[in-house]
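Since the structure comes first, as structure tokens, the remarks are kept for the end.
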Amino acid sequence: MERVLVRLLLLAAPFVCAFQYWVLTEYPEPYPILIMPGFGRVLNGQTHDHPTVALLRDGRTLSTHAMAELFEGVPAPNRVRLTSTVLHWKSRQPVTPTLQDWARRHASRMNPNADTLAVRWHRHTISSKDEPEWLGDFLIPLSAE
Amino acid sequence: MVGRLLNPPLRRIDHWLFEEYKSLPEDLGAFRILFAIYALVVYWQRATWTIDMPEDFWGPPRGFTYFMDRPPSPVVVYLLNAALTTALVALLAGYRTVIASLTSFVLLIALNSIYYSYHKIDHDILLVIAPFWMALSGWGLNYSIDSRQGRQPAVRGWCLSFFALCVAIGMFSAGWPKLMGGWLDWDSQAVYGIVQNYFYVQDTRAIALEPILDCQSKWFWEPHDWLTVGVELFFLVAVINRQLFRWTCAAMTLLHVGILLVLDIPFGSNIIAYAAFVPLAASLRKLWPLLPGVAVLTALVVPWQGVQHFTSSFMVLAGGVYVLVWPVYSRLFK
């Protein structure tokens, strides 16, 4: 009896996999990412069809809905600050005070001549078949004020 | 006639299902102890950080919490944790092993569901499903209170076969999107991209990250893409043969060591899953006496907040050392 049940279980395995693939993998859970145009697709090997590239990715910390609420009515420069803070929330790493600070620290290695970091707020879906939805652009001056 | 034609393949499937992954009770027992110790440390106070999160962050994926409009109260999270600790201690001691295994599985799933409802999803499912598949495997036969009290469940090979199949499917499902997403494309180097992302974006400063960051040769990076995709996909082929499967696990373990050193991501839970397929008892018997020393040293050196990360990293490095050293050692000192 046990052997028969085990064989049936094995028979069911492909169907379980199919269920997992169609129901879970295709679940279009939106998660927000910030992307910077023109950095080459090397940064994002998994979604290589995109002309632009994920620079900051925040799917792990905040729902799009919650992010939209945070953003509503907040002036653009502060929006960036909020994003940066939230980005580091879960990981409990020292919070980067502002995205600008973060950008300044790393811009020199990316492009020593850059004076502005263009950041795009972008709603991305797990399924790379969907076109990304642009939510907004931010220009962050890199020079110290 | 049809029956005669079908018989050999069916017999092969039966052999794979019931015999191929049959293990010695002492190896299963050693794996149970290793699993329980690891889970007790790494899943200690699981998901309790979520208690401080704003309710707005609650956004459960499909799972136990999918239909919950709001997070559970802190009391529930603490009670689930207390129950999990109790179940894992029972598992460690081998007391009512079947019940303890299934309870651990359900509680791990429940706590992970809460954890992942805040959008941070870890890849520890192989460890979480281990007690489910191992519950009836006979992993409570040795080194257990059950055996002392005369409870002697049978060793069932099919449990480990199914667990191996799950590991293989899990790995395949990691490799497939990479294959489809262009990881094998020579015009882009995905691993290099991840390395850059971890350095520039996530501020990771792993021991081997900075030294290799400036290497831009695609002849260095592209093989990493191919190797990653290749090993992950190969699991589904290797699962047919236990020996081949173990070699694949060994290759993946070395890959995990690389990932730890470069990206500081410790896939300790995967190493635990691979350990189910290894004759552990002989090697662990030699290492058990060192365990209290390691525990005391860890407690003294590693700050409390870092113990879980340390344990996970330690497990990856120990797995790497095991893969590289044990085959030679066991042959020399047979």
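Selection over region B:175-196 of residues that are open to solvent by less than 60 Å² (accessible area, probe 1.4 Å), more than 8 Å from every other protein chain (Cβ to nearest Cβ) and at pLDDT below 85 gives a count of 3. Being in contact (Cβ under 8 Å) with a residue 60 or more places away in the chain, in the same structural domain as B:L244 (by TED's automatic domain parsing), open to solvent by 60 Å² or more (accessible area, probe 1.4 Å) and closer than 30 Å to B:I13 by Cβ is a property that B:F172 has. Restricting region B:143-167 to residues that are closer than 24 Å to B:A238 by Cα and assigned to a loop (DSSP other than H, G, I, E, B) leaves a set whose member that is least open to solvent (accessible area, probe 1.4 Å) is B:V155. Which ones in region B:248-302 are open to solvent by 70 Å² or more (accessible area, probe 1.4 Å) and at pLDDT 95 or above? Of everything in region B:248-302, just one residue is open to solvent by 70 Å² or more (accessible area, probe 1.4 Å) and at pLDDT 95 or above, namely B:L254. Just to be sure, is B:F245 open to solvent by 60 Å² or more (accessible area, probe 1.4 Å) and of a type in the set (F, W, Y)? The answer is no for B:F245. Just for region B:59-105: of the residues that are under 20 Å from B:V42 (Cα atoms) and among the β-branched types (V, I, T), which one is surrounded by the most Cβ atoms within 10 Å (Cβ to Cβ)? So, considering only residues that are under 20 Å from B:V42 (Cα atoms) and among the β-branched types (V, I, T), the one surrounded by the most Cβ atoms within 10 Å (Cβ to Cβ) is B:V77.
Could you tell me whether B:V307 is under 30 Å from B:D185 (Cβ atoms) and in a helix (DSSP H, G or I)? Let's see the steps before the verdict.
Working: under 30 Å from B:D185 (Cβ atoms): no; in a helix (DSSP H, G or I): yes.
Spelling it out, it is not the case that B:V307 is under 30 Å from B:D185 (Cβ atoms) and in a helix (DSSP H, G or I).
Scanning region B:123-142 for residues that are open to solvent by 20 Å² or more (accessible area, probe 1.4 Å) and without any contact (Cβ under 8 Å) to a residue 60 or more places away in the chain yields B:I125, B:I129, B:F132, B:W133, B:L136. Tell me, yes or no, whether region B:217-237 has at least one residue that is buried (at least 16 other Cβ atoms within 10 Å of the Cβ), at the interface with chain A (Cβ under 10 Å from one of its Cβ atoms) and more than 25 Å from the chain's Cα centre (by Cα). Yes, region B:217-237 contains at least one residue that is buried (at least 16 other Cβ atoms within 10 Å of the Cβ), at the interface with chain A (Cβ under 10 Å from one of its Cβ atoms) and more than 25 Å from the chain's Cα centre (by Cα). Would it be correct to say that B:F199 is more than 10 Å from chain A (Cβ to nearest Cβ) and aromatic (F, W, Y)? No: the conditions fail for B:F199.
The values are calculated or read from the model by the stated rules, or taken from the named source; none is laboratory data. As the structure is a prediction and not an experimental result, all values here were calculated from the model. Cβ atoms come from the backbone with ideal geometry, glycine included; neighbour counts cover every protein chain shown. Quick note on the areas: whole protein, heavy atoms, side chains included, nothing else; ligands and nucleic acids left out. Shrake-Rupley method; radii C 1.70, N 1.55, O 1.52, S 1.80 Å.
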